[in-house]
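Presented below is the structure to which this report refers.
A short reminder: the numbers here are calculations on the coordinates, not readings from a lab. Source: prediction; values computed, not measured. No Cβ is skipped: glycine too gets one built from the backbone with ideal geometry, and neighbour counts run over all protein chains shown.
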Amino acid sequence: MFSMHPLVIVGAGPVGLTLAYALATKHPQQSIVVVEAAAEVAIGATSRSYPLYLSPRSLGQFARLGITLSNERSWKNCGIVRGGRPVALVESTALARGSLIQELLDACCKCPNIRFMFGKPVATVEDRNDGSAGLHLADGTILDAQFVFDTSGCRSVLRVAAEVAGAVQHATPSDPSNYWVKILRFENVPTSTGYDDKYIHSIRNKVFTGRLQKWGATGMVLVVDLYTPPGAPTLTDLTTFDEFAAAVLRGAPELAPYLVREEALPDTVVATEYWLTNYVWGRHVAFLGDAAHATNPVLGQGVNAGLHDVAVFLECWADERVSLADAAVAYSARQVPEGEALVQLSNTLSSMVRKFPFMMVTMSVLRKAFPFWLHELPSSRLYTDDRVTYAEAWHTWHQETTLVKWIGAAGAAAAAGFLVHRLVK
């Protein structure tokens with residue numbers, strides 16, 4: 001079953017490190033190599049240290065793997081505050097991404113069969129006749145691998161190569177995502193400003209729409225949506241940091257003293273708008289965490305979806321008599337429809353938030369009035385029910401919103417008919 005060649009994991013993010021630890025502890029005789037393009041892992045207060053909200057399903061997964069998350073690095077029940085008033089509560093454990101990476105890295109470093117290679121971008125992979133794979137790195141190094149797990153995200157070199165080779169394809173949802181943002185960072189924002197880093201602050205005004213939330217140890221990050229309210233400045237046309245920051249801070253002047261000055265325009269983040277139709281490439285490559293990188297954060301399922309991919313793959317390879325290639329095929333068959341449902345659900349929900357907020361309010365009110373008829377909003381349901389699948393959440397959400405629209409249309413038609421009847425009479 002086990003080869004002299006290592007299992008190679010591309011990407012040292014939450015998905016890659018969780019997979020590395022799970023494989024290392026389950027198969028201590030198997031060597032594992034984690035390859036990461038960055039020269040050092042992104043731990044602590046870095047620009048990649050935005051909050052991650054772990055669902056009960058993810059917390060249960062860590063518990064089963066024997067990974068204990070430090071209470072000192074987490075905070076619970078992060079709420080959403082709008083206009084200084086709490087409007088929602090996220091029942092989850094939240095960590096800055098860098099803190100979660102540190103927790104997982106600490107766990108992996110206790111496993112003698114895990115080796116790390118940092119500062120090693122991947123170039124391509126070859127399928128060999130001897131039953132192994134050759135992972136080519138950008139510096140010319142070739143790693144002999146029993147199997148390659150690509151967890152490096154939707155922009156990974158291997159995924160692009162697989163698409164070019166025709167081994168995998170992607171499909172595009174009918175409802176595009178609206179997650180197109182730029183980011184401003186702040187340090188040491190006092191609570192006297194009305195912003196407490198225990199909460200996500202939803203800011204909506206005449207200038208911009210955005211979310212202010214914890215970043216790193218002492219900072220906060222303002223994620224500014226680049227679709228703007230009517231009459232607001234066209235933020236997408238701004239080309240310098242000063243122009244962008246000045247425009248945004250007109251809507252939140254209390255944050256100006258705490259702005260972290262940058263020379264360049266803040267990074268633009270655009271969610272990809274497609275899902276893969278296959279999560280395997282040949283006999284030696286599997287993609288994990290792909291749909292997680294293609295979903296809008298409004299759904300709160302990014303890292304949770306990626307961790308679920310790991311759990312499903314481990315289930316498919318629970319029997320050691322099953323080859324890794326066959327386990328990967330079984331994993332792909334299970335998760336491709338889940339990935340499609342996740343992207344469709346994410347994009348539909350985010351589009352509704354932007355275009356039809358009244359519909360969101362209507363669904364929330366009807367849910368409270370008829371709790372046995374309607375399910376919770378998907379963003380809440382996927383947190384509170386760790387048994388629900390993305391496909392089920394998407395199916396019921398689509399079905400229920402369609403039904404409510406038909407009832408609304410029928411009610412409007414009946415009202416119009418009644419008015420016409422009264423006028424004619």
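Computing FRET efficiency as 1/(1 + (r/R0)^6) for ALA414 and ASP386, where r is the C-beta to C-beta distance and R0 is 51 Å, gives about 0.80.
Amide H contacts of VAL10: VAL35, PHE149, ASP150, THR151, each under 5 Å away and 5 or more positions distant or on a separate chain (H built 1.01 Å from N in the peptide plane; Pro and chain starts excluded).
The simple spin-label model puts a point 7 Å past each Cα toward its Cβ; for CYS109 and LYS26 those points are separated by 2.6 nm. Once the Cβ-Cβ distance between HIS421 and SER70 is put in as r, and R0 is 45 Å, what FRET efficiency do you end up with, to the nearest 0.05? FRET efficiency, HIS421 to SER70: 0.10. Under the simplified labelling scheme, the THR362-LYS198 pair shows an inter-label distance of 3.7 nm, with each label point 7 Å from Cα along Cα→Cβ.
Could you put LYS26, LYS214 in order, starting from the residue whose Cβ has the fewest other Cβ atoms within 10 Å? Working shown, then result.
Numbers: LYS26 13, LYS214 23.
In order of increasing Cβ crowding within 10 Å: LYS26, LYS214.
Going from the fewest other Cβ atoms within 10 Å to the most, the residues ARG261, ARG115 appear in the order ARG261, ARG115. Put the Cα centre of the stretch 113-170 next to the Cα centre of the stretch 382-425 and the gap is 47 Å. Grab the beta carbon distance between HIS398 and ALA333, set R0 = 25 Å, and tell me the FRET efficiency rounded to 0.05. That gives a FRET efficiency of 0.65.
Could you put SER379, SER99, SER152 in order, starting from the residue whose Cβ has the fewest other Cβ atoms within 10 Å?
SER379, SER99, SER152
Just check the stretch 141-191 against the gyration tensor rule for me: Cα atoms, a ≥ b ≥ c as the square roots of the eigenvalues, rounded for a/c under 1.5, and otherwise prolate or oblate depending on whether a/b exceeds b/c. Cα axes put the stretch 141-191 in the oblate bin.
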